[in-house]
Every structure is written in C-alpha cells, then in structure tokens.
Amino acid sequence: MNTKKDIGWYVLFTMPLIFIFTTVVIIPFIIGIGYSFVSWDGIPANPKVFVGFDNYVQLFQDERFLQSAWHTIQFTVLALIVVNLAGLLLALLVTNGLRVSNAARTMFFMPNLIGGLILGYIWQFIFTDAFNSVGEKTGLKSIFFNWLLDPQFALIAMVIVFAWQMAGYTMVIYIAGIQSIPDEMMEAAKVDGANLWHRLTKIVFPLLMPSFTICLFLTLSGAFKIFDVNLSLTKGGPNNATEMFAMNIYNEIFAYSHYGIGQAKAIVFFLIVAVLTLTQVIITKKREVQM
Amino acid sequence: MKRTGKWILEILLFVFALAFLSPVYIMVVNSFKNRAELYENTLALPSSLSFQYYAKAMEKMNFLTAFGNSLYVTVVSVIIVVILSSMTAWMLVRKDNKVSKAIFLTFVATMLIPFQTLMMPLMQVMDWIRTHLHIPMLNTHEGLIYMNVGFHASMAVFLYHGFIKSVPVALEEAATLDGCSKFGLFWRIVFPMLKTITVTIAILDVISMWNDYLLPSLTLSDKGLRTIPLSTFYFFGEFTIVWNLAMAGLTLAIVPVVIFYFFAQKYIIKGIAAGAVK
C-alpha cells in the first residue's frame, strides 16, 4: 500500500514540524558540540581556534564553576525533599472530603502559574525589606533579617520560593494518585483495625509510587535547571554564593564572552541532567507496586 | 460534637490556604502604600487606595504594548504547535514503520536537552540564517514564534502520540472508503477526537511560553517588542528598586495570569495532571 501518494501525504504532514525542530534543536545541539572544542569570544570577525579538550580540562579547574555545581546539588536535594513533602501534605489535606477542599486546591496551585522571574521579585521584597521591618517590629531579629545577604539563608530562600511554586504542581499529581486508590481497600483496612499511620505507610504510600516517580522527575529536572528564580531573587549573590549551574553557564557565555568554555560547560550540564533523570526514572520505576 | 470538629477543620484548611497566598497579599497591599507607610508596617492594609503607582508602573513598563506582544507571541505559537504536532504525531502513529519510530525516538530523546545547552549555538544558527538567507529570525516576534514552536514540538508530539495510539482506526478506515482525502480525514474526523489532549497541550504551552524569560531575552532587543517578563526585568534593572512602584508593576504582570486561571482553572488543573502522568 506504500504508494507514492501515501509518501507524499506523509512528507506533507510531518515535514513542516521536522524542519522547524531540526533548525531549532538538532542543528544547534550538534554544532554546540563543535563549539565546545574551540576558543572563541563570540565576535564573528574573530577566529575560532581549535583547542581540543582544553575547555573541558579547564572547566574542572574553574573554582567558581565547581562552586556553582555544589550549590546546585545542595539546592536540588533540599528542593526535592521540601517540594515533595509539601505537595504530598497538601494533597492529603484536600482529599479528605472537606467542603473547602476545592477552593483550597485552587489556591495552593496558583503560584505555579506565575512565572519564576516574577515570583523571584515578589519574594525578593519579602526576604529583604518585609523581613527587616517584621524583625524590627517584633524584635525577632535572629529570624527576620535580610536573608539574601547571608549565603546559607539565601540558598534556603531559593528553596522556599521554588517550593512555593512547585508544591501545588506536585499536589495535583499526588491528588490524582490518591484518588485512584480504591475506597474499598481503605475501608477494609479500617475494619481490620489499621490506624491512620498504618493506612498511610502500608497502603497509600506504596500505591503512590507512580506519582512519586513523576514528581521526583519533575522536581529533579526543574530544580537542577533553575534559572529565572535565581536571576530575579538573588542574581547569584551574595558573592556568587547562590550562583547555580545554569546561571554560571549563562554568565560564562554572555557576560564574559568565553563562548568555547561556556559551551563545554553546557555540554557537561546536558550529560549530568540526562544521566540524573534517566537513573532516577529507572530506579523509581523498579520500585513501583503493581495493582 | 463531630460536626463542630468538622467545621473547625474546614476553617483551619481555609485559613491555611489563605496564609499560603500571603506573598500575593503582601505584594498587593504594598502597591498602594507610600514610602513612609510601607516601611512603617509592611503587613498592614494601606490607609487609602491610590492607584498612582499603577499608572506610573504601567507607563514605565510600557504595559499595554508588552501585554499585546506576549499575547501575540503566545497565541500564535500555541496554535502552530497544536496544528503541526498533531499532524506529525498522527502520521507517526498510523504509518508505523522504522522511519516513524526513529523520528519519534528523536523527538523524545531531545526532551532531555536543557535550554542552556542549545541557547548559544541556536543564536549562531539564527544569526547565520539572518545574514545569509536574509530572513529576519532575530529581533522579530515571528522569529521568536518559530523558535517557540521548535522547543515545544517534542513534548506536544510525545503527548499526541500517546493519545492517538488509543484512538481506534476503524472510523478513519470508513472515511477513507468514502473517498475522503488524508487532509480532510485528519481535520474532519481525527482532530476533533483529540480535543482533551489538545486542551492539555495548549494549557501547558501557554503557561510556559507566557512566563518564558530567557529565550525572548536572547532574541528580542527592541524595546517595543518586549514581552511581559522582559519588560518586568528591565523595569527592575532601570533604577534602584522603589518597592511600592515595583509591587504595582508585579501586580500588573500577574493580573492576566490570574484572570486566565479564574476562567480556565478546571481545565488547567485537569490538564496539568493529564500532561504529567504521561
């Protein structure tokens, strides 16, 4: 049945998107690998000098890059824990049949629609001036001070903003998971005398493994690639203490015009993201319980 | 006794949800306060409702233009993504051969590539097209739309592909026997059946394109072309931050999102859940 006409339709239907996709994603990805082996300042008139693996060797000696990698790891681990605990807690709160559940769910989800850049600016005001003013009013200056001036607290501030944005998102996924658990199963457990804790740990959590997989995947890749919130909340400060991976790459290329090294970092970044997310999906998939 | 207990829980949950949104409250109340009032008590309600900071922020951010720009770029990009991805995915499912499999796998595999890995070479490619083929890919809305479509193609093809696999072929075969062309068959029979997944894809893409900062910041340089995230960024960069004015600007920036959410929240929450589970 593979007539010429059929092939014509096939090409007509798929070509436009494949063409756009190739020019926007595939070609840049391939030539990006090439750029990571040259030394270039981004000015078209200046030569691109081939340097082999020099860029890759150099980036492992780049203190600031290694620091940003460490910040990103700290941030990601904290964010994974906080976002998923919060999302799961919110999901449990709005699935126990209260009348305000729907309204509450709508409200918990709202921050997710506001872009990271704008969220960061709103919270910048809260962590600086609003915290200062609360600290002065209440005398609790050990808690309420300008968090963004302290390296440790600035990182925690980023976790809070990210969690505020993502908790509602993971909540929606956990709700779907909780609602797919049959009521009879919970009733039977109740009749058999299982208390709330046992029902959660022996029934709900194991059956939520697919939801965990999705949420961990989404938070892991979201946290690891964070840029917008980083830019608007702390700009990487104080003293680069909250500069994350993505921002370090951006600065290397566009602020310092080290196009070659910057692209080498970007390739390393891609490899880490790919390995991390794939391993995570494989591990959690294995632990999913079949119903 | 049990009923009062339930009422207390209802109220507690609602209060907690309100507290969860307190950053929004802090933003809105401080957009109405003058400087002295703002620093006296950040958490209090404003003493009067004066919209002077809104007027000023609107002018400084060039808000109406930015809103129009964001709307144009987002709507056109989403429409093109939906049209092209659904057509592509349908062909890939119905012509299930090695070529289709390879194309589909390429789409899926590239979903792992972070934007930062592509941004610099992408700008070089677009610059090359501009200088050698004289197509204005940079500093135009149309160029940005083109790139938006490219970046959102994988996800959309992936979701459509999964959905179309569950649509029975029988109906399509009947229509083919009636002499319907592939084009008519797709638009009249197949596409209407894809409504639920189309809504999901449109919502996911609207949210991510509307809020995107990095790609527009790299492609658009003219002031008049700026989208809302861009004009917010420059608004904050222009002067040392005057917070009441800044809060008015941020409130303006999220008003369209809140209105959209208010009208489409049912679809949004459903769509998010459906999109994520795939």
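Each reported figure results from applying straightforward, stated rules to the coordinates on display, with no laboratory input. As the structure is a computational prediction, the values presented were derived from the model and not from experiment. Every residue, glycine among them, receives a Cβ derived from its backbone with ideal geometry; neighbour counts consider all protein chains shown.
Suppose R0 equals 45 Å. What FRET efficiency, 1/(1 + (r/R0)^6) with r the Cβ-Cβ distance, do residue A:255 and residue A:22 give to the nearest 0.05?
0.90
Mind telling me which of B:201, B:26, B:113 comes out most flexible in a GNM of chain B, alpha-carbon contacts under 10 Å?
B:113
State, to one decimal in nm, how far the label point of residue A:50 lies from the label point of residue B:59, with both points 7 Å from Cα in the Cβ direction.
Between residue A:50 and residue B:59, the simple spin-label model gives 5.9 nm.
So if I take the centroid of the Cα atoms in the stretch B:109-124 and the same for the stretch A:246-273, what is the distance between those two points in Å?
Here the two parts' Cα centres lie 11 Å apart.
Around residue A:248, under 12 Å between beta carbons, what's the net of Lys plus Arg minus Asp minus Glu among the other residues?
Details: positive: A:64, A:265; negative: A:62, A:63, A:243, A:252.
Residues close to residue A:248 contribute a combined charge of -2.
Once the other residues with Cβ under 11 Å from the Cβ of residue A:70 are scored (Lys, Arg +1; Asp, Glu -1), what is the net sum? Before the final figure, lay out each step's value.
Numbers: positive: A:64; negative: A:63, A:243.
Here the count lands on -1.
Let me see the P(r) profile for the protein assembly as shown: every Cα-Cα distance counted, bins of 20 Å, each bin given as a percent of all pairs.
Result returned by the calculation: 18, 52, 27, 3, 0.
For B:248-260, what's the mean count of beta carbons from other chains sitting within 10 Å of each residue's beta carbon?
Per residue, the average neighbour count from other chains is 3.
Can you tell me which of A:19-26, A:166-173 comes out highest on packing, and rank the rest after it, using the mean Cβ neighbours within 10 Å?
Most protected by this proxy first, the peptides run A:166-173, A:19-26.
Among the listed pairs A:202/A:286; A:286/B:98; B:60/B:223; A:285/B:270; A:225/A:265, which have their C-alpha atoms separated by more than 21 angstrom in this model?
Over 21 Å Cα-Cα: A:286/B:98; A:285/B:270.
Would you tell me the mean number of C-beta atoms belonging to other protein chains that fall within 10 Å of each C-beta in B:14-23, as a whole number?
So the per-residue partner count for this stretch is 6.
I'd like the distance separating the alpha-carbon centroids of the stretch A:42-110 and the stretch B:181-236, in whole Å.
23 Å
Between beta-carbons, use under 15 Å as the cut-off and find the net charge around residue B:102, counting Lys and Arg +1, Asp and Glu -1.
Working: positive: B:95, B:98, B:101; negative: B:96.
Net charge around residue B:102: +2.
I want to check the label-to-label distance for residue A:280 and residue B:189. Put each point 7 Å from Cα in the C-beta direction and report it in nm to one decimal.
So the label points at residue A:280 and residue B:189 sit 4.3 nm apart.
Compute from the Cα atoms of the stretch B:62-238 the Rg and the Dmax, the latter being the longest Cα-Cα distance, and quote both in angstrom.
Over the stretch B:62-238's Cα set, Rg and Dmax evaluate to 18.7, 65 Å.
Rank B:57, B:248, B:19 by mean-square fluctuation in a GNM of chain B with C-alpha springs under 10 angstrom and give only the top-ranked residue.
B:19
How far, in nm, would the chain grow between residue B:127 and residue B:19 when pulled straight, counting 0.36 nm per residue and subtracting the alpha carbon separation?
34.1 nm
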